[in-house]
Every structure is written in structure tokens, then in C-alpha cells.
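Some notes on the structure that comes next.
The values are calculated or read from the model by the stated rules, or taken from the named source; none is laboratory data. Since this is a predicted model, take the numbers as computed values, not measurements. With ideal geometry, Cβ positions are generated from the backbone for all residues, glycine too; neighbour counts draw on all protein chains shown.
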Amino acid sequence: MLLTSCSDFSSLTPAPRPPNFVNIQDLFRASGMSIQIDVRYFGADNFVGAPVDGYLAEQIIISQDAADALLKVQLSLVSQGLALKIFDAYRPQRAVDHFVRWAQDLGDIRMKQKYYPNVQKQHLFRDGYIASRSGHSRGSTVDLTLVRLSDGQELDMGTPWDYFDPLSWPSSTAVSVAQKANRDLLRQVMLAAGFRPLEEEWWHFTLANEPYPERYFDFPIQ
């Protein structure tokens, strides 16, 4: 969960959901398609081990521009028997604040074995896994993977989503050839749709021409 830090908190926008943010499932249904989601921050199966502040519904909210680009990605994958599965997109600032408080509580390591087995919690800030700002709060960043249309199962990417470890870096040479090929395929289709990757997380992409490059929102997901 590498988060982007930013020292300028004056741009935080605690406001109702803007009209050009959409529920990704609603957009896909309107286009005659469906998309898998797995909103783990709404429940307890995440690195915090509890529902995260600001996630009041099991929904994926994202800017209209990014949603339109994801629809193009989905359409490009169908011929390969594949589809997208989304874990997270827009993330309220209050959720990021929750992550920061959790990281400061060194006694809470209930999810360590699943999400950060090889990283000491006291090093999460130092190593860049947790910070005070996230590009997700700007509304055009998405965490996602690929699934097979035949059975809905995720392709093997070498690590799960939100796994704090250098093994999650797209450039890792510790994964198998097949796992690296799956990561490369995801990267290729996202780049082709106008997203830019993050070099520390195979699942993380931001729309290059994002509509709110300097604004951080805090409306809840509901």
C-alpha cells in the first residue's frame, strides 16, 4: 500500500461527492457489461484488520475520466477471455488518516502474516508503505488485477493485492516467468488506456491525464 506523501494540506476538499465521480459498477451496467469488485477496506480483510474510515458502502467510486478509460480496458480484454477486478479506486482522506493512525500503533499486528510478513511495522513510514497523502484521494488512481472470464478467478501475479514487500514490485525477478507475464499483460493494457504505473506495486495505476492532479477529496463512499 505505497502511498504518495504531500506536504500541502490546503488543497484537501471535504465536500459531497462531485457529480463527475461515478460508481464503476453503475457505469459498466449502463454499458451492458459487468465488473468484479472486492472492496476489502469496507470489511476486515485488509492490512488494518477492520473496516476503514470513509468506506460506508461496498462500492468503487472513481472519476468519470478514469472510469471511461477502464471501460476501454475491459473491452480490450474480452477477446482474450479476461476481465478486470478492482480492489480500490477513490479513497477518502479520512481513510488515509486511519492508515496513519494504525501504522503508529505498533502493538496491532493482527494482519502481519497475511499482508506484511517480511516488514517490521515500525518501518512502514520509513520504507514508504504508509504516508500522509495518497494519489487515490484525487479520484483517478485504481488498484486492480485480471481475472479469467471462464471462472472469475484471478490470474497469478506472484503476490496478493496490498502485499507490503519488494516482491510486489513489477520489476521483481523473484516471481516466476508466468507471474511476470501476467503482470506485464496488466501493465500493457493499462498503459494503452492512458494510465501510468507505480514501480512499487504491480496493481496500482493512475490516469496520466487525471482531472484533479492537485486536489485531495474526503467525501465518504456511500
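Does the stretch 79-93 contain at least one residue that is in a helix (DSSP H, G or I) and closer than 18 Å to Tyr55 by Cβ? Yes. Taking residues in the stretch 165-184 that are among the β-branched types (Val, Ile, Thr), and partners anywhere that are not in a helix (DSSP H, G or I), the pairs with Cβ atoms closer than 7 Å and at least 6 places apart or on different chains are Val175/Gly158.
For the stretch 185-210, name all the residues that are part of a loop (DSSP other than H, G, I, E, B) and either acidic (Asp, Glu) or under 14 Å from Thr145 (Cβ atoms) (or both). I'd like the intermediate steps shown before the answer.
To start, the set of residues in the stretch 185-210 that are part of a loop (DSSP other than H, G, I, E, B) comprises 193-194, 199-200, 208-210.
Once the filter is applied, which keeps residues that are part of a loop (DSSP other than H, G, I, E, B) and either acidic (Asp, Glu) or under 14 Å from Thr145 (Cβ atoms) (or both), the stretch 185-210 yields Glu199, Glu200, Glu210.
Within the stretch 7-43, the residues that satisfy the criterion of being assigned to a strand (DSSP E or B) and either at pLDDT below 95 or farther than 19 Å from Leu56 by Cα (or both) are Leu12, Thr13. Exactly one residue among Asp143, Asp218, Asp162 is in contact with a His (Cβ under 9 Å, 6 or more places away or on another chain) and among the acidic types (Asp, Glu), and that residue is Asp143. Residue-level check: of (1) of a type outside the set (Gly, Ala, Ser); (2) under 26 Å from Val52 (Cα atoms); (3) not in a helix (DSSP H, G or I), His136 misses just (3). Please verify whether Pro213 is assigned to a strand (DSSP E or B) and either within 14 Å of the chain's Cα centre (by Cα) or under 18 Å from Ala89 (Cβ atoms) (or both), treating the condition exactly as stated. Considered against the rule, which asks whether it is assigned to a strand (DSSP E or B) and either within 14 Å of the chain's Cα centre (by Cα) or under 18 Å from Ala89 (Cβ atoms) (or both), Pro213 comes out as no. Any idea which residue in the stretch 186-222 is surrounded by the most Cβ atoms within 10 Å (Cβ to Cβ), counting only those that are touching a residue at least 40 places away in the same chain (Cβ under 8 Å), under 24 Å from Thr159 (Cβ atoms) and out of contact with any strand residue (DSSP E or B) (no Cβ under 6 Å at 6 or more places or on another chain)? By that ranking, first place goes to Trp202. Within the set Arg91, Arg101, the sole residue that is at pLDDT 95 or above, basic (Lys, Arg) and under 29 Å from Val22 (Cβ atoms) turns out to be Arg91. Across the stretch 139-165, what is the total count of residues that are farther than 16 Å from Gln179 by Cα, of a type outside the set (Gly, Ala, Ser), out of contact with any Ser or Thr (no Cβ under 9 Å at 6 or more places or on another chain) and assigned to a loop (DSSP other than H, G, I, E, B)? Adding up the residues that qualify gives 3.
Taking the conditions exactly as written (within 14 Å of the chain's Cα centre (by Cα) and surrounded by fewer than 21 Cβ atoms within 10 Å (Cβ to Cβ)), does Asp68 satisfy them or not?
Numbers: within 14 Å of the chain's Cα centre (by Cα): no; surrounded by fewer than 21 Cβ atoms within 10 Å (Cβ to Cβ): yes.
Here the answer is no, as Asp68 does not meet what is asked.
The single condition among (1) free of Cβ contacts under 8 Å to residues at least 40 places away in the same chain; (2) surrounded by fewer than 16 Cβ atoms within 10 Å (Cβ to Cβ) that Ser76 does not meet is (1). Looking across the stretch 81-113, just one residue is under 28 Å from Leu146 (Cα atoms), surrounded by fewer than 16 Cβ atoms within 10 Å (Cβ to Cβ) and free of Cβ contacts under 8 Å to residues at least 40 places away in the same chain, and that is Gln113.
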